[in-house]
Amino acid sequence: MSDTKFDVVGIGNAIVDVLAHAEDAFLEEHGLAKGAMTIIDAETAEKIYGLMGSGVEVSGGSAANTIAGIASLGGAGAFIGKVCKDQLGDVFTHDIRAVGVSFETKADENGVPTARCLICVTPDAERTMQTFLGACVDLGPEDVDDQVVGASKVLYLEGYLWDPPRAKEAFIKAAKIAAEAGRQVALSLSDPFCVDRHREEFLDLVNNHVNILFANEDEIKSLYQVDDFDAALQYVRGHCDIAALTRSSQGSVVVAGEEVHVIDAEKIDKVVDTTGAGDSYAAGFLYGLTQGRELATCGHIGGILAAEIISHYGARAENDLKAVLAEKLK
């Protein structure tokens, strides 16, 4: 096995998030599926953007959020994703590099705008996402840097990549490179509706190609089409090396063969916005794993980061994550 340069390389959709508060009535009026991520076209994106209240724009994207979290903790992270050479593309590039992530994917110059995710946050802190993939659909196998993937301890892939056809090809190419280099492949299921769209292919990935699986309770139950979390847990424990399953206020469960760890959720004063909670959990878990921590500790670190992110608006950390972690692990 060759030497590693990065702890984790993530491949995902390079997206700028637009977050705004909204009432449940707004979701119902405009037919938005609460708590889900829905792919929309440019026309719909413009319409919903015009209807949303005032909001904030921050760099996002599931895998990008995870890699940014790892870098903020001091880990070595790289990201592969497609932006356009436009204003939002410049914002995304600046933000991810500013936290120490290596991001060298060539920007798209064909005029397709950088992707944006319109996020309506309801009073219960749930987020409903409408995503215009824009330049993300142009991510292809040619954008996968063989050397970066081969020199990373873990390849982290987001399930959303399975929607754009060429991104799926990039996903498969990267997974093969990682496997040939003896690296671990991690997958986030991303969204229960995403699982519904690609269940059979995801089952094949989990059974045959994925070492580390991240999912929340709804996603893992959807994958195995069961109503009970414990039933889903029994299915997944024999299908990949490690499964890290989040359960909101009930914390998380980490399973690896016969090894099972139940980790309590971190206590916070108030849940403000759940956007990026799963991404942050994965960041903490993978940071711990690549630093040689025990699985229970990895889950604990993931919970600490998830708690920090849901205590404020947006999917990127506002506080010094190194300091937060040091304080919590004293």
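Below is a table of values for the structure above.
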{"quantity": "Which listed pairs, of LYS85/LYS106; LYS168/LYS221; LYS270/LYS328; LYS82/LYS221; LYS82/LYS153; LYS106/LYS168, have C-alpha distances above 20 Å, in listed order", "calculated": "LYS168/LYS221; LYS82/LYS221; LYS82/LYS153"}
{"quantity": "Cβ-based charge dipole, the stretch 56-213, positive-most Cα from VAL112, GLY140, GLN184", "calculated": "GLN184"}
{"quantity": "Rounded to whole Hz, the Karplus (6.51, -1.76, 1.60) HN-Hα couplings of the stretch 238-244, x for glycine and proline", "calculated": "x, 10, 8, 5, 9, 10, 10"}
{"quantity": "log10 of Debye I(q)/I(0), alpha-carbon scatterers only, for the stretch 146-224 at 0.14 Å⁻¹", "calculated": "-0.42"}
{"quantity": "The stretch 118-276, relative contact order [Cα under 8 Å, separation at least 6], %", "calculated": "17"}
{"quantity": "Loop-resident sites, the stretch 204-310, for trypsin sites (Lys or Arg not before Pro), counting at most 11 other Cβ within 10 Å (DSSP)", "calculated": "LYS267, LYS270"}
{"quantity": "Kirkwood Rh (inverse of mean 1/r, distinct Cα pairs), the stretch 74-145, angstrom", "calculated": "13.5"}
{"quantity": "Extension gain from GLN147 to LYS330, taking 0.36 nm per residue of separation minus the Cα-Cα distance", "calculated": "62.1 nm"}
{"quantity": "Residue list for the stretch 53-72, given a label point 7 angstrom along the Cα-to-Cβ vector of VAL91 and an amide N cut-off under 13 Å", "calculated": "55-61"}
{"quantity": "Sites matching trypsin sites (Lys or Arg not before Pro) across the stretch 1-97 that sit in DSSP coil, with at most 16 neighbouring C-beta atoms within 10 Å", "calculated": "LYS5, LYS34, LYS85"}
{"quantity": "Diffusion constant of the chain at 25 °C, which comes from Stokes-Einstein with the Kirkwood Cα-pair radius and 0.890 mPa s, µm²/s", "calculated": "126"}
{"quantity": "Percent RCO, i.e. relative contact order, over the stretch 16-164, from Cα pairs under 8 Å lying at least 6 residues apart", "calculated": "32"}
{"quantity": "Two-site label geometry, ASN207 and VAL271: point separation in nm, points 7 Å out along Cα→Cβ", "calculated": "3.4"}
{"quantity": "Convex hull (Cα only) mean projected area of the stretch 125-168, reported in nm² to one decimal", "calculated": "4.5"}
{"quantity": "Cα-based convex hull volume of the stretch 84-236 per residue, rounded to whole Å³", "calculated": "137"}
{"quantity": "Length added when fully stretched, GLU258-ASN319, from 0.36 nm per residue minus Cα-Cα", "calculated": "18.3 nm"}
{"quantity": "Long-range amide H partners of VAL83 with built H, under 5 Å", "calculated": "ASP108"}
{"quantity": "Neighbour-limited loop hits for GluC sites (Glu not before Pro), the stretch 85-135 (at most 13 other Cβ within 10 Å; DSSP other than H, G, I, E, B)", "calculated": "GLU104, GLU109"}
{"quantity": "Share of pairwise Cα separations in the stretch 230-302, more than 20 Å, in percent", "calculated": "29"}
{"quantity": "3J(HN,Hα) from dihedral phi, the stretch 101-111, Karplus parametrisation 6.51/-1.76/1.60, rounded to Hz, x for glycine, proline", "calculated": "8, 7, 9, 10, 4, 5, 5, 6, 10, 8, x"}
{"quantity": "Convex hull of Cα atoms in the stretch 188-330, direction-averaged projection (nm²)", "calculated": "8.4"}
{"quantity": "Approximate spin-label separation GLU294-ALA42, in nm, with each point projected 7 Å along Cα-to-Cβ", "calculated": "5.5"}
{"quantity": "Amide H within-cut-off set for SER152, under 5 Å, with H built and near neighbours excluded", "calculated": "LYS5, PHE6"}
{"quantity": "For the stretch 1-124, projected area of the alpha-carbon convex hull averaged over all directions, nm²", "calculated": "9.3"}
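Rule-based calculations on the coordinates, nothing more; no lab input. Since the structure is predicted, the reported quantities are computational estimates derived from the model, not experimental observations. A quick note on method: Cβ atoms are made from the backbone with ideal geometry, for glycine too, and the neighbour counts reach across all protein chains shown.
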